[in-house]
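This report refers to the structure that appears directly beneath it.
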Amino acid sequence: MSIRSTRIVLAILYSLFLFGIVNNSLAIEIVDFPSNTEDTSYNGYTYHMAYVKTDVPIYHVNWYIDDVIAYSETLDSTTKRASYFPCYDPTSSAKIPGRVKGTKYKISVKVWAWDADDEVFRSATASYTVKMFEPIYLYKQGEKTGAWGSVEISRFYYNGSDIVMSASAYASNPSDNPKAGDLDKFPLTVLPWFWTQKYPAPDGNASDEHRDTKDSETIDLGESSQYYNPGPDRQAQIGGPDVGPFHRNIGVLEEGERRYFKAHAHLQVYGARTGTDDWEVDTQQQTGTAAVTFTWEDGP
């Protein structure tokens, strides 16, 4: 065998040797872990669970939020599973509250297992991104009509090409409505609408309003209205071209670009003998500015 051939064989054997060392050192592997996802919080209470499953029992686990350690737990090799609920973590910095446009968090885990053969601890790591949303909502009984109304902007977000408003509204006329008196019938009229507006900056003068006013609906005692959502656009409802859902197409945002939009949802209920109740929510209630600021970082 030539010197060149010998060198090639030795190189291959050396590579296999190294590969074997790597495999032998992987005394713990993560076999189940979340991929990038979305979730919801309400009033700052985070409804999200992180979890991990490994091929061998876990001795110790560390959880990180945005690369900062949030929680540690020693499991003493009693289980192959571990989970973490940020909402139960007493450390305020470990909370992951959402916003109506979504807030991204990087959730990471590092797990250790005891390698009895080599008498050392081995570790493995993984991470994913969760985008947390927090709705803006109002649910209460009307003072004038006695109706129960609900209105919510669940999400107002950038999906990589459009600004999307996800919202809802509905009303119910309870069978024991205190405003009905002794009347056999107590009809109420329900009228919801949704709109978005464009702004030149977080505050300023609005323009280019998109509005979707639904047809009014009458509900008697014991009845509820339909569940209303914004869209499709009004011209499609009245026989115009099908322009799709109630979105704002802004294209792909480049780094440094910003767009500003506001969203509003409104529910109105009125009766012939009672007057009018209004329920309304607006993104300004959460942002503190007239408009929500969107950048390329808010995309998928």
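Here are the numbers for the structure shown:
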{"item": "Any hit, the stretch 232-251, residues being at pLDDT 90 or above and within 30 Å of D184 (Cα to Cα)", "result": "no"}
{"item": "Among the candidates T91, T79, T103, residue that is surrounded by fewer than 16 Cβ atoms within 10 Å (Cβ to Cβ), on the phi < 0 side of the Ramachandran plot, of a type in the set (S, T, N, Q) and modelled with pLDDT of 90 or more", "result": "T79"}
{"item": "Verdict on I58 being closer than 21 Å to T125 by Cα, in contact (Cβ under 8 Å) with a residue 40 or more places away in the chain and not in a loop (DSSP other than H, G, I, E, B)", "result": "yes"}
{"item": "Extreme residue, surrounded by the most Cβ atoms within 10 Å (Cβ to Cβ), among residues of the stretch 27-52 that are assigned to a strand (DSSP E or B) and of a type in the set (S, T, N, Q)", "result": "T46"}
{"item": "Matching residues in the stretch 106-123 - criterion: being open to solvent by 20 Å² or more (accessible area, probe 1.4 Å) and either in contact with a Leu (Cβ under 6 Å, 6 or more places away or on another chain) or assigned to a strand (DSSP E or B) (or both)", "result": "K106, K110, W112, W114, V120, F121, R122, S123"}
{"item": "Residue in the stretch 141-158 that is free of Cβ contacts under 8 Å to residues at least 12 places away in the same chain, part of a strand (DSSP E or B) and out of contact with any Asp or Glu (no Cβ under 8 Å at 6 or more places or on another chain) present", "result": "yes"}
{"item": "Pair list, Cβ < 8 Å and 6+ apart or interchain, from the stretch 175-192 residues that are under 16 Å from T218 (Cβ atoms) and in a loop (DSSP other than H, G, I, E, B) to residues that are open to solvent by 60 Å² or more (accessible area, probe 1.4 Å) and charged (D, E, K, R)", "result": "K179/K144; F186/K179"}
{"item": "Verdict on Y128 being open to solvent by 50 Å² or more (accessible area, probe 1.4 Å) and either touching a strand residue (DSSP E or B) at 6+ places or on another chain (Cβ under 8 Å) or charged (D, E, K, R) (or both)", "result": "no"}
{"item": "For E143: the one exception among (1) modelled with pLDDT of 95 or more; (2) within 18 Å of the chain's Cα centre (by Cα); (3) open to solvent by 20 Å² or more (accessible area, probe 1.4 Å)", "result": "(2)"}
{"item": "Extreme residue, farthest from A147 (Cα to Cα), among residues of the stretch 195-208 that are open to solvent by less than 80 Å² (accessible area, probe 1.4 Å) and not hydroxyl-bearing (S, T, Y)", "result": "A201"}
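The values are calculated or read from the model by the stated rules, or taken from the named source; none is laboratory data. What you see is a predicted model; the values in this text were computed from it and never measured. When we count neighbours, we look across all protein chains shown, and the Cβ atoms used for this are built from the backbone with ideal geometry, even at glycine. Side chains included, ligands, DNA and RNA excluded: accessible areas come from the protein's heavy atoms. Shrake-Rupley method; radii C 1.70, N 1.55, O 1.52, S 1.80 Å.
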